[in-house]
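The values are calculated or read from the model by the stated rules, or taken from the named source; none is laboratory data. What you are looking at is a predicted structure, and each value in this text was computed from that prediction instead of being measured. Glycine gets a Cβ as well: all are built from the backbone with ideal geometry, and neighbour counts include every protein chain shown. Each accessible area value is taken on the protein alone, full model and side chains, heavy atoms only, with ligands, DNA and RNA left out. Shrake-Rupley method; radii C 1.70, N 1.55, O 1.52, S 1.80 Å.
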Amino acid sequence: MTVGTTALGERTEPSHSPSPRRGRTWIQRIDVLPYALVTPLALFIVLLALVPAGMTIVQSFYRVQPLDPPNRFDGFGNFRRLFADTAIRTSLENTALYMVVGVALSTVLGIAFAVTLQRRFFGRSLVIAVLILPWALPGVVEGLVWTGIWDANTGLLNSVLTSFHLINHYHVFLGQNRLLTIFAIEIVQVWQITPLSALLILAALQNVPDELYESAHLDGCSPWASFRRITLPLARPGIAIAMVQALIATLNVFDQPYVLNGAAPTAASITEQTYFVSFQNLDFGEGYALSLLITVVTLVVSIGVVGLIYRQVEY
Amino acid sequence: MTSIRSVRAAAAGICVLTVAVAGCSGGGSKASTKTSGVTITVALATPPPPKAALAAFTKQTGIKVNWTNIDWDSLQTKIAAAATAKTYFADATDVDWSRVGQLAKLNWFYPMESYVDTKALAKQMPQLSSFTNGGHVIGIPYDASFLVTTVNKNLFAKAGITTMPKTIAQYTDDLKQIKAKGVVQYPLNIPFAAAEGLSTYWYQTTAAFGGPILDGSGKPQFTSPSSPGYKAAEWMVDAIKQGLVPPGNINVADTQGQQTLMAKGNVASTFGDYSGNVGSLYDVPSSSSVVNQVEYLPTPGVNGVGPNMSNPDGIGIPRQAKYPNAAAKFIQWFTQAGNQADFAGANGPSKVMPGYFLPSQLAGLAELTQKGKLIGGAELAHLLKTSAKPVFPQGAPSWYPEFSRAVYTNLHAAATGSMSVGAAIKAIADQANSLASGS
């Protein structure tokens, strides 16, 4: 039995006093306020995310073409037509390459940056601020910036390589060779997504106690051994999240290939095809099906990555 | 406490209801015939006219204009999304010449003949036919863009060429001569990037070789090796194989090539250039190193001067417009000859609409030329009157975007050497046949 004072100075009732809730129905006992406050956000999510997602799933089984009305159930027709389309199959392969290159490079670079930034040094905050800049830039802007670098006629890279006598004549980096084109485009996206990967991994590394490294050092561990046996295992939650964000970004890559390589099948991504199918061909049914496909692939691969990489870490 | 809690809960509940009602309410609206005291939204992929001009329009009509400048691709997406969802997004917006067939079939825009005397306008606007489909005018062209050959006369002169070519054979020989004499390594600019600019370049080259792309029913007219379309594709691909076009152009888009190659004197000619580029790009010292060197050339055709393909920008009224009559008034004002001349700089820089160069009305073009404000104005006016033709005389087919993508992806592939010209033409023709038959 205590009598206290709240932070606002209100006198609280002794604990044995009859509760005002006693004797009320269960409906009256529910505190409506929290539900009322959270409802707008819940509605927002339901109306703008879940309902469209549900409609996408349903509509992907319908023929939805404003040029050929009315909408009609088509079973797996949209999916069949998509897989029969060479351009779609090629773009699926391209997107898989974007994913492999992008996730691998951004993760390796992210770990490298995170490890470099793990220790405090003069100007560290400035380095982090500069590091994050590419992440803040829109993909289209990055595509335009890198056009000036990759351009085969007047690009910076050709100019620099020629100046250093590393090449005799200007090379075509984009559009000629499929693998080179995809790699060159993915470099641009890696430049964009690596900062976030680095920060996510860095956040995980910030929790690693210094004592672990000190003990390892005293036990005669080399820096490489410390990295392999302490840093990497303890950074796994951060690495897993970084890989998933890279995975989502690369599976949905649009701006960079569109700006740097147009619609050429050499490097067109699956999201570019979704745009063409939906808004140029005005075949929304196939567009929904393609979107659903991307979502399912993203979900499955993300779950796989999390299962493979993520481990609960306790210190 | 309970009453305070009840009041807070009630207030929160009202907020929730408001949000829910706002979120669930349909975007559709009933069109109003009001033409004054209203605000209309105009969405175009271009900066607005000067504030003073818009203010004058408001004073004159009582219609306020909310101008939204959206990039072309996003604008097409918005038009499609809004029309499909039957939702309002603008009272007047872009009608691209290439989408006229599609838009007409979809019935997404009001017929302009219901609002404007289009028959009278046709005499002053040669390109109005590009916006007509099935007897309906889907939009009104607000500029007079068409494809035109540009040459750097200084580079031609350096190679000893003083008489400009009149046929495509002479033109090709001249380009070879420029290369042979080492004036420039690559004399010709063809934008081989897989983008719309490559398709329009091919249409222009096909026209120069003397033929159409499709017949009235949408059947391809370019499958035979002796057809103009086939020859045009062969000429373009040969040009890059023979070193007349920079190898890097396989990934250069139209504007990029104009800015980084033609405007810098790296090439001597662009066969399918933009009308207006001499005044707006090549003669602008800040963006060009070939000031006063580039001029327009009547299209070198097979047996003399060939046609120029029209690709004007138009403006129309979407079906979900809130104030279609007010929008029509705006379109009439926006496409008036005098205003167009003002926007293009006939009466001083304060009246200029950024990025606007060529009036769609001949009277506007005449005023501009008369006042000496349009570089190459006399040539352009002549070309517009005599040789500017629609790419598809029967109107662009409803499946044009798919067809165009087949054109530019396959011609791009032929330029990279990953497929032959014959195979590229066959792929384009197969797609056209499939689309025309509706399969």
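Summary table
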read-out: Count of residues meeting criterion [part of a loop (DSSP other than H, G, I, E, B) and β-branched (Val, Ile, Thr)] in segment B:132-180; value: 4
read-out: Residue in segment A:72-98 that is most open to solvent (accessible area, probe 1.4 Å), counting only those that are at pLDDT 95 or above and polar (S, T, N, Q); value: A:Thr90
read-out: Residue check for B:Ala31: touching a Lys or Arg at 6+ places or on another chain (Cβ under 8 Å), over 19 Å from B:Gly314 (Cα atoms) and open to solvent by 20 Å² or more (accessible area, probe 1.4 Å); value: yes
read-out: Counted residues, segment B:82-112 - those being open to solvent by 50 Å² or more (accessible area, probe 1.4 Å), assigned to a helix (DSSP H, G or I) and of a type outside the set (S, T, N, Q); value: 1
read-out: Qualifying positions in segment B:197-212 - within 14 Å of chain A (Cβ to nearest Cβ) and either in contact with a helix residue (DSSP H, G or I) (Cβ under 6 Å, 6 or more places away or on another chain) or of a type in the set (Gly, Ala, Ser) (or both); value: B:Gly197, B:Leu198, B:Ser199
read-out: Out of A:Arg11, A:Arg21, sole residue that is basic (Lys, Arg) and at pLDDT 50 or above; value: A:Arg21
read-out: Failed item, numbered, when B:Ile375 is tested on (1) assigned to a loop (DSSP other than H, G, I, E, B); (2) over 21 Å from the mean Cα position of the chain (by Cα); value: (2)
read-out: Single unsatisfied condition, B:Thr255 versus (1) open to solvent by 10 Å² or more (accessible area, probe 1.4 Å); (2) modelled with pLDDT of 95 or more; value: (2)
read-out: Residue match in segment B:119-128 (condition: part of a strand (DSSP E or B) and either hydroxyl-bearing (Ser, Thr, Tyr) or away from chain A (no Cβ under 14 Å) (or both)); value: no
read-out: Neighbours by Cβ (under 7 Å, 6+ apart or cross-chain): first from segment A:259-283, facing chain B (nearest Cβ under 7 Å); second outside any helix (DSSP H, G or I) and surrounded by fewer than 22 Cβ atoms within 10 Å (Cβ to Cβ); value: A:Gly262/B:Ala253; A:Leu282/A:Gln65; A:Leu282/A:Pro66; A:Leu282/A:Leu67
read-out: Test for A:Ala198: is it crowded, with 21+ Cβ neighbours inside 10 Å and more than 18 Å from A:Gln256 (Cβ to Cβ); value: yes
read-out: Top-ranked residue in segment A:156-178 [being under 30 Å from the mean Cα position of the chain (by Cα) and more than 8 Å from chain B (Cβ to nearest Cβ); ranked as most open to solvent (accessible area, probe 1.4 Å)]; value: A:Leu156
read-out: Identity of the residue in segment B:157-182, among the hydrophobic types (A, V, I, L, M, F, W, C) and under 29 Å from the mean Cα position of the chain (by Cα), that ends up surrounded by the fewest Cβ atoms within 10 Å (Cβ to Cβ); value: B:Ala169
read-out: Top-ranked residue of segment B:194-228 - restricted to ones that are charged (D, E, K, R) and under 20 Å from B:Trp97 (Cβ atoms), ranked as surrounded by the fewest Cβ atoms within 10 Å (Cβ to Cβ); value: B:Asp215
read-out: Checklist (1) within 13 Å of chain B (Cβ to nearest Cβ); (2) assigned to a helix (DSSP H, G or I) applied to A:Leu117, failing item; value: (1)
read-out: Verdict on B:Thr68 being among the hydroxyl-bearing types (Ser, Thr, Tyr), assigned to a strand (DSSP E or B) and either open to solvent by 30 Å² or more (accessible area, probe 1.4 Å) or in contact with a Ser or Thr (Cβ under 9 Å, 6 or more places away or on another chain) (or both); value: yes
read-out: Test: residue in segment A:238-253 that is within 29 Å of B:Val407 (Cβ to Cβ), within 14 Å of chain B (Cβ to nearest Cβ) and surrounded by fewer than 20 Cβ atoms within 10 Å (Cβ to Cβ); value: no
read-out: Members of segment B:342-372 that are in contact with a Lys or Arg (Cβ under 8 Å, 6 or more places away or on another chain) and not in a loop (DSSP other than H, G, I, E, B); value: B:Asp342, B:Phe343, B:Leu362
read-out: Search result, residues across segment B:229-243 that are within 14 Å of chain A (Cβ to nearest Cβ) and crowded, with 20+ Cβ neighbours inside 10 Å; value: B:Ile240
read-out: Residues being in contact with a helix residue (DSSP H, G or I) (Cβ under 9 Å, 6 or more places away or on another chain), among the small types (Gly, Ala, Ser) and farther than 20 Å from B:Thr255 by Cβ - total across segment B:281-309; value: 2
read-out: Residues located in segment B:248-276, provided they are of a type in the set (Ser, Thr, Tyr) and either in contact (Cβ under 8 Å) with a residue 24 or more places away in the chain or farther than 17 Å from A:Ile149 by Cβ (or both); value: B:Thr255, B:Ser269, B:Thr270, B:Tyr274, B:Ser275
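A quick yes/no check of all residues on (1) in contact (Cβ under 8 Å) with a residue 60 or more places away in the chain; (2) at the interface with chain A (Cβ under 10 Å from one of its Cβ atoms); (3) within 28 Å of B:Asn249 (Cβ to Cβ):
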site	(1), (2), (3)
B:Lys371	no, no, no
B:Glu379	yes, no, yes
B:Ser387	yes, no, yes
B:Val391	yes, no, yes
B:Ala415	yes, yes, yes
B:Ser434	no, no, no
